[in-house]
Amino acid sequence: MIKVLIVEDDLDLGDLLKQYLELNKFKVQRVFNGIEAREALKESTFSILVLDVMMPEEDGFTLAQKLQLQYPGLPFLFVTARKMKEDILTGLKLGADDYILKPFDADELILRIKNILKRKPPISEIKAEVYTIGKYTFEPKNLLLKTSDSEKTPTEKEAQLLIFLYQNKKQVIRREDILNHLWEETDFFSGRSLDVFISRLRKYLSADRSIQIESLRGIGFRFLTD
C-alpha cells in the first residue's frame, strides 16, 4: 500500500486531499507544518510526501532541505499557489520529484504520485549492483557515489538518471526518451526537473574530468566516460 504524508496547513484542502486519496486506496496521514512532518517521520515510514510551500512554523522549502539530509532518497513533491519561476526552480533544486500549482485536480495528484513511484528501472531491481563509473563507485542500494576521498548521496531520481545515462553511454539520448522513461511525461516541469538533475550530476561527477554529460541543443544528451 502507498503511504502518503500530506503536509498542508489549509484545513479544507488538506482534509479533501486526505479523503480523496483514502478513497483511492492510499494510506494517508496529514500534518500542518514541517515540524509536525518531521515528528511524523520519526514515528512511521512513508512512500512519498506531499508538501505545501507556504506554511507556519516551518515552510516546505525548509522542510525539504532537512529531508535531504535526514532521509536521502525519500520522494516528495510540492503543491503550491506560488507561480514564480524562481520558486519552481528552488523546489526542483531541493530535490523535489514534482511541483504542482494550485488549483489542481486531485486525480492529477494521484497520477503524479503513481508516476513518481513507478520506477524504471526500479531501484529494487538494480540495488544489488555496483557500478564503476570512471573513478567513481556507485552503489544504488545505498544511494552512494564515492571516490577514494569523497562520498555523495544522490536522490533516487538522480540515481535512476545516472544509471540510465551510464547504461546508454556514448549514445545520443533524446530528452523525450529520458522524460518518458523516468517521468512518463514531457511537460514543462518535467523538463525543468531533468535540467536541474543533469546539472547536479555534473557537479557530483566533477572530480573526474574524463566523465562528461554533453548537452546536444534541441536533441538531448550524451554521457561520455573512459
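Restricting to the chain, what percent of DSSP beta bridges are antiparallel, rounded to 5?
On the way: 16 of 33 bridges.
About 50 percent, rounded to the nearest 5.
On a full-extension model of 0.36 nm per residue, what is the gain between GLN68 and SER206, subtracting their alpha-carbon distance, rounded to one decimal in nm?
On the way: separation 138, 0.36 × 138 = 49.68 nm, distance 2.07 nm.
Net length gain for the segment: 47.6 nm.
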What whole-number value in Å² describes the accessible area per residue of region 23-153 for a 1.4 Å probe? 50
Taking +1 at the Cβ of each Lys and Arg and -1 at the Cβ of each Asp and Glu, which of LEU74, ILE2, ALA159 sits farthest along the dipole of the chain towards its positive end, judged by Cα position relative to the Cα centre? ALA159
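Expressed as a whole percentage, what fraction of the accessible surface of the chain belongs to carbon and sulfur atoms when a 1.4 Å probe is rolled over the protein heavy atoms?
With neighbouring chains kept in place, the figure for the chain is 49 percent.
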Top mean-square fluctuation among ASP149, ASP187, ASP97, Gaussian network model of the chain, C-alpha springs under 10 Å? ASP149
Nitroxide proxy distance, nm - points 7 Å out along Cα→Cβ at THR186 and GLU108: 2.0
For the chain, modelled as a Gaussian network with Cα springs under 10 Å, which listed residue fluctuates most, PRO103, PRO56, PRO72? PRO103
How much FRET efficiency would the formula 1/(1 + (r/R0)^6) give for GLU39 and ILE100, where r is the Cβ-Cβ distance and R0 is 25 Å, rounded to 0.05? 0.50
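Rounded to two decimal places and with Rh computed the Kirkwood way over Cα pairs, what is Rg over Rh for the chain?
Checking Rg against Rh, the ratio lands at 0.97.
Which links in LYS83/LYS141; LYS3/LYS66; LYS3/LYS203; LYS114/LYS170; LYS42/LYS102; LYS18/LYS203 stretch past 27 Å when you go from one Cα to the other?
Too far apart for the 27 Å limit: LYS83/LYS141; LYS3/LYS203; LYS114/LYS170; LYS42/LYS102; LYS18/LYS203.
Relative contact order, percent, of the chain when contacts are C-alpha pairs under 8 Å separated by at least 6 residues?
Values: 345 pairs, mean separation 31.2, N = 226.
In percent, rounded to a whole number, it is 14.
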Placing each pseudo-label 7 Å from Cα in the direction of the beta carbon, ASP149 and VAL130 end up separated by a distance in nanometres of 2.2
Please list, in order, the residues from region 156-198 whose amide nitrogen is less than 15 Å from a point placed 7 Å along the Cα→Cβ vector of LYS118. 179-187
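The values are calculated or read from the model by the stated rules, or taken from the named source; none is laboratory data. Everything numeric in this text was worked out from a predicted model, so none of it was measured. Cβ: placed from backbone, ideal geometry, glycine included. Neighbour counts: every protein chain shown. Keep in mind that these areas ignore ligands, DNA and RNA; they rest on the heavy atoms of the full protein, side chains included. Shrake-Rupley method; radii C 1.70, N 1.55, O 1.52, S 1.80 Å.
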